[in-house]
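Below: one structure, written as structure tokens.
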Amino acid sequence: LNLHITKKQKEQIKSLSHTSLDSVKEILLWTKESFQSIWESLFNNEIDSKLKLEKRKEQDKKIKENNLDVNQYLEKFDKVRMQIFLIAIQMKNKRLMELILKGKGEELYIQQKKLQDVKFYLYVWVMNILSLLFVSNDGVKIANKEQLLMLKEKLFSEDKSLKIFIRNIIKIIFSYMGKGSTIKKNTLKRFDGFFSIVERELMSGSSLLSIAEYIQMTPSALSHWIKRNIGINYEELLEYVQAEKIAEFLRNTDKNLSEIGECVGIKYGSLVSEKFKRKTGMSPTEYKTYFKYKIKE
């Protein structure tokens with residue numbers, strides 16, 4: 001047959017029982033690449049189908065494991081996102097809302113592929129969060145609740161990009177928010193200034209001390225103000241913003257952890273990994289494996 005096999009394979013052949021059909025099958029399997037057509041014609045129904053079945057089982061197993069890992073991640077990080085999104089609504093901060101919805105939207109885009117599906121799932125996610133406001137009455141009043149829940153037609157009437165869709169969601173939420181919020185205007189204004197500084201100074205570390213100087217407050221007073229008005233402490237909010245920014249770099253760039261750390265005010269790559277996993281439930285490597293952004297609008 002003019003088969004080309006290695007010395008090692010010859011030794012393996014010698015050790016086989018030459019009266020066994022299984023031995024012949026094994027030899028043919030070793031020489032599959034150079035003996036493809038005969039191998040398929042002889043054993044296609046018996047061996048090839050078995051290999052395909054085994055391969056399919058292995059693929060199904062990996063998909064199941066991957067889905068489980070992704071679902072565990074989504075469950076943990078979504079809880080954090082939900083908490084911050086409620087704060088963004090409470091403080092009427094569009095920039096923070098956009099940061100959250102962009103992260104969630106891009107992940108959905110990677111998973112769902114189709115833009116219309118992404119928009120729908122993002123819409124449902126937002127509506128689920130807003131429904132919490134209807135029952136909690138936590139400092140925010142939503143006007144015309146029934147109309148707000150029927151905004152699907154308005155949002156999906158035009159085939160816009162994900163970026164525009166997100167901005168439309170934010171615009172609509174604000175247009176339906178009532179004027180009876182218990183949050184004072186000067187508190188909302190202070191939060192706008194505070195969050196803008198956090199984002200702007202993120203690369204240099206965004207320390208509580210430096211932000212307090214910008215806002216002209218003592219670090220202690222600012223810390224108490226954040227906890228009293230936002231409901232979480234400064235470090236928790238900062239770590240969340242860093243996590244969203246890290247996730248964005250992992251999705252859209254090939255920067256290593258040290259380079260990403262420089263962009264989000266974290267000195268060491270190991271700390272980037274530690275903080276990211278604490279907030280999201282996944283390591284940066286796991287996140288990049290599942291959510292590397294390959295779909296561009």
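The values are calculated or read from the model by the stated rules, or taken from the named source; none is laboratory data. Since the model is a prediction, treat every value here as computed from it, not as a measurement. Every residue, glycine as well, gets a Cβ built from its backbone with ideal geometry; the counts of neighbours run over all protein chains shown. Each accessible area value is taken on the protein alone, full model and side chains, heavy atoms only, with ligands, DNA and RNA left out. Shrake-Rupley method; radii C 1.70, N 1.55, O 1.52, S 1.80 Å.
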Checklist entry - Quick check: is even one residue across region 52-70 open to solvent by 90 Å² or more (accessible area, probe 1.4 Å) and modelled with pLDDT of 85 or more? => result no
Checklist outcome for this item: So, first residue part of a helix (DSSP H, G or I) in region 170-193, second residue among the aromatic types (Phe, Trp, Tyr) and modelled with pLDDT of 85 or more, Cβ within less than 9 Å, six or more apart or across chains; the pairs are Thr187/Trp225; Arg190/Trp225; Gly193/Tyr214
Checklist entry - Could you say whether any residue in region 199-214 is modelled with pLDDT of 90 or more and not hydrophobic (A, V, I, L, M, F, W, C)? => result no
Checklist outcome for this item: Filter region 77-98 for residues that are closer than 19 Å to Tyr293 by Cβ and open to solvent by less than 10 Å² (accessible area, probe 1.4 Å); the one that is farthest from the chain's Cα centre (by Cα) is Arg81
Checklist entry - Inside region 270-297, can you point out the residues that are among the charged types (D, E, K, R) and either open to solvent by 40 Å² or more (accessible area, probe 1.4 Å) or without any contact (Cβ under 8 Å) to a residue 40 or more places away in the chain (or both)? => result Glu274, Lys275, Lys277, Arg278, Glu286, Lys288, Lys292, Lys294, Lys296, Glu297
Checklist entry - In this structure, is Arg251 of a type in the set (Lys, Arg), at negative phi and open to solvent by less than 10 Å² (accessible area, probe 1.4 Å)? => result yes
Checklist outcome for this item: Of the residues in region 119-139 that are more than 14 Å from Ile173 (Cβ to Cβ) and at pLDDT 75 or above, the one that is least open to solvent (accessible area, probe 1.4 Å) is Lys119
Next on the checklist: Among the numbered criteria (1) in contact with a Phe, Trp or Tyr (Cβ under 9 Å, 6 or more places away or on another chain); (2) open to solvent by 40 Å² or more (accessible area, probe 1.4 Å); (3) outside any helix (DSSP H, G or I), which one does Lys267 miss?
Outcome noted: (1)
Next on the checklist: With the requirement that a residue be small (Gly, Ala, Ser) and either within 16 Å of Glu262 (Cα to Cα) or open to solvent by 40 Å² or more (accessible area, probe 1.4 Å) (or both), what does region 193-220 give you?
Outcome noted: Ser196, Ser204, Gly205, Ser206, Ser207, Ser220
Checklist entry - With respect to the numbered conditions (1) at pLDDT 90 or above; (2) under 20 Å from Arg190 (Cβ atoms); (3) not aliphatic (A, V, I, L, M), which one is the sole condition not fulfilled by Gly105? => result (2)
